[in-house]
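The values are calculated or read from the model by the stated rules, or taken from the named source; none is laboratory data. Since the model is a prediction, treat every value here as computed from it, not as a measurement. Here Cβ is always computed from backbone atoms with ideal geometry, including for glycine, and neighbour counts include all displayed protein chains. Ligands, DNA and RNA are stripped out before the accessible areas are found, and what is left, the full protein with its side chains, is counted by its heavy atoms. Shrake-Rupley method; radii C 1.70, N 1.55, O 1.52, S 1.80 Å.
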Amino acid sequence: MPLNLYVMEVSPPNRAVLLCIKALELDVNMKPINLVAQEQLKPEFVKINPQHTLPTLEDDGFVIWDSHAICGYLVNKFATDDSLYPKDPQKRAVVDQRLHFDSGVLFPRLVDITFPLFVLKCGEIPEEKRKRVFDAYEFLEKFLGDSDYLAGNLFTIADMCCIATVSSLEEALRVPADDYPKVKAWIQRCRDNLPGYNEANQAGLDIFKGAVDGVLTK
Ligand SMILES: N[C@@H](CCC(=O)N[C@@H](CS)C(=O)NCC(=O)O)C(=O)O
């Protein structure tokens, strides 16, 4: 049975899963869902995922959503080693902490910008919202310390989830990480080294950037 991914590549959590799929070299059947047309609210999709969020993965009748949970599942089931999501309890705990940082800090701060932009058509990104993102970059700067990646010197699913959000904030939402040299270097390292970065993240990010440019008036 094929893996099905219900997906809209413009959105950061979807791109995180695409990065993971690339790293694992998985053959996945893409099922595009158009959030702008609210296709996620159609009864047939709500039956699969009552929370109606993308990405959603279907594996032979088993359904899981939330990008962080999907990435963990894919690595647990399909990876040939544990480098992307270590089995060692302490190493895994660090990866989990970064994944929750994306869920609980980075992504909500992105949504706090995108919801007023796309839904309320506010036309601008208020300075106090940019400041909240800079605060999050400051945390990332500290997490990175002397490491190349967020949970050590090898990339993990934590990098995939966080880079999808951070690159969207940096490149599309006008919140540059220039004052955070470790974050800036990590972004470039992800661009250079995450398998299939251009196809899995940059392509959707470029579409996202175009959409942001289209709604910014100031
Ligand atoms: N924490 C979730 C966030 C997923 C999420 O909020 N996805 C948005 C797109 S960015 C969505 O599908 N929204 C449609 C809806 O809630 O109806 C994840 O990492 O997958």
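Could you tell me whether any residue of the range 169-191 is within 13 Å of the chain's Cα centre (by Cα) and within 15 Å of the ligand (Cβ to nearest atom)? The answer is yes; a qualifying residue exists.
Scanning the range 4-25 finds no residues that are free of Cβ contacts under 8 Å to residues at least 40 places away in the same chain, of a type in the set (A, V, I, L, M) and not assigned by TED's automatic domain parsing to the domain that holds Thr156.
From the list Glu58, Glu44, the one residue that fits, being surrounded by fewer than 16 Cβ atoms within 10 Å (Cβ to Cβ) and of a type in the set (Asp, Glu), is Glu44.
Scanning the range 98-107 for residues that are open to solvent by 50 Å² or more (accessible area, probe 1.4 Å) and touching a residue at least 60 places away in the same chain (Cβ under 8 Å) yields one hit, Phe107. The helices (runs of 4 or more DSSP H) located wholly in the range 117-218 that include 1 or more residues which are of a type in the set (Val, Ile, Thr), open to solvent by less than 60 Å² (accessible area, probe 1.4 Å) and over 18 Å from Val95 (Cα atoms) occupy 127-144, 203-215. For the range 66-91, a residue qualifies if it is within 13 Å of the ligand (Cβ to nearest atom) and surrounded by fewer than 17 Cβ atoms within 10 Å (Cβ to Cβ), and exactly one does: Ala69. Condition first: within 25 Å of Val7 (Cα to Cα) and touching a residue at least 60 places away in the same chain (Cβ under 8 Å). Can you find one or more residues in the range 136-153 that meet it? No. Scanning the range 189-218 for residues that are free of Cβ contacts under 8 Å to residues at least 40 places away in the same chain, farther than 17 Å from Ala23 by Cα and either in contact with a Cys (Cβ under 6 Å, 6 or more places away or on another chain) or not charged (D, E, K, R) (or both) yields Gly210, Gly214.
All of Val94, Val63 fail the test of being in the same structural domain as Leu140 (by TED's automatic domain parsing) and more than 12 Å from the ligand (Cβ to nearest atom), apart from Val94.
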